[in-house]
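Report on one structure; see the data block that follows.
Throughout, read-outs are computed from the coordinates displayed, never taken from laboratory work. Just so it is clear, the model here is predicted, and its values are computed rather than measured. Backbone-built Cβ (ideal geometry, glycine too); neighbour counts: all protein chains shown.
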Amino acid sequence: MKATSTQYLRRDSGRQSGFTLIEMSIAMAVALFLLAGLFSIVQGTRTTYGNQNSLAQLQDGERLAMTLVTDVVQASGYFPDPHTYTAAQFLQPITVGAASVAAGQTISGTYSTADPGDSLTVRYTTASGDNIINCVGGTNTTGAPASYVNTFQVVGGYLVCSPTNGGAVSQLVNGLTRMDVWYGVKRDFTVSDYSVDTYVRANAMTVADWSNISSVKVLLTFKNPLFGQPGQTSVASQTIQFTRIVAVMNRAGVKS
């Protein structure tokens, strides 16, 4: 028996059935929702990675800056071979910028209330090959004693330093807004020791104080790399501060 035309139409209509418009709309909505979730996860991962990278760079900068400042301050007043040389031979009176540094004075500095803050100058003399670094990480390989007058300050967002008085300035670490320096001195001489009883800014230091420094307190202020993000929007969140107190080498320990 031959199939009728009606039977052919019924078979064709069964084979051509598909998704309705409503089903397609629901599928697209679900797909878009899943894509939005995936994009949110990727964006969050990228933000977290960026934050961690920024904080790592901040910590590296802080570590490098404080390491260089610490090494230089601890070496203040050093000179080679005390059996052959004396401090007076290497610590002659000099002028650093507009400030006069007296004979025998190993540390000096300036004070400023305005950004970028204070400057710090430390001087000492090294022997060739003794591996004592200057403020840019260099050592003396000249074959003869070399004197360094290391001046730290913040310029253009960088902690900079010159190891020679009036010499070339090197950029050490970026992302800073200011540097503050206090000098730990002894003003009560009823007890004969090197203990610090007062921390003083450069503008309040006396002539006697400059030759009586036992420690130096350095505060570096960095820009906060996360400022503007949730929880980091207050004025106080714009910067992050790091502080270190460094003992001056020739006055550390028991007074002799």
*asked:* As I understand it, the dipole of the chain uses +1 on the Cβ of Lys and Arg and -1 on the Cβ of Asp and Glu, about the Cα centre. Which of SER214, VAL200, THR239 lies farthest toward its positive end?
replied: THR239
*Taking the Cβ of each residue in PHE79, PHE33 as the centre, tally the other Cβ atoms inside 10 Å and list the residues starting with the fewest.*
PHE33, PHE79
*If you line up the long axis of helix 5-15 against the longest principal axis of the chain, both from Cα atoms, how many degrees apart are they, to the nearest 10?*
10
*Where in the stretch 152-177 does the label zone of LYS223 land, with the point 7 angstrom along Cα→C-beta and an amide N cut-off under 12 Å?*
156-158, 174-177
*Pulled fully out, how much extra length does the chain show between PHE19 and ASP130, if you take 0.36 nm times their separation in residues and subtract their Cα-Cα distance?*
31.6 nm
*On full extension of the chain, what length is gained from THR164 through SER237, given 0.36 nm per residue of separation minus the C-alpha to C-alpha distance?*
22.7 nm
*When the dipole is taken about the Cα centre of the chain, and only Lys, Arg (+1) and Asp, Glu (-1) are charged at their Cβ, what size is it in debye, to the nearest 20?*
1120
_Tell me the net charge near PHE222. Cut-off is 11 Å between Cβ atoms, PHE222 excluded, with +1 for each Lys or Arg and -1 for each Asp or Glu._
+1
*Using the number of other C-beta atoms within 10 angstrom as an exposure proxy, rank LEU35, LEU220 with the fewest first.*
LEU35, LEU220
*Angle in degrees between helix 21-74 and the longest Cα principal axis of the chain, rounded to the nearest 10*: 10
*Note down the net charge around GLY157, summing +1 for each Lys or Arg and -1 for each Asp or Glu among other residues with Cβ under 11 Å from its Cβ.*
+1
*Candidates (i) 86, 50, 31; (ii) 60, 42, 33; (iii) 128, 43, 35; which is the computed Cα extents along the principal axes in Å?*
(iii)
*Counting only C-alpha contacts under 8 Å and six or more residues apart, can you give the relative contact order of the chain as a whole percent?*
15
_For ILE213, ILE132, ILE22, order by how many other beta-carbon atoms lie within 10 Å, fewest first_ = ILE22, ILE132, ILE213
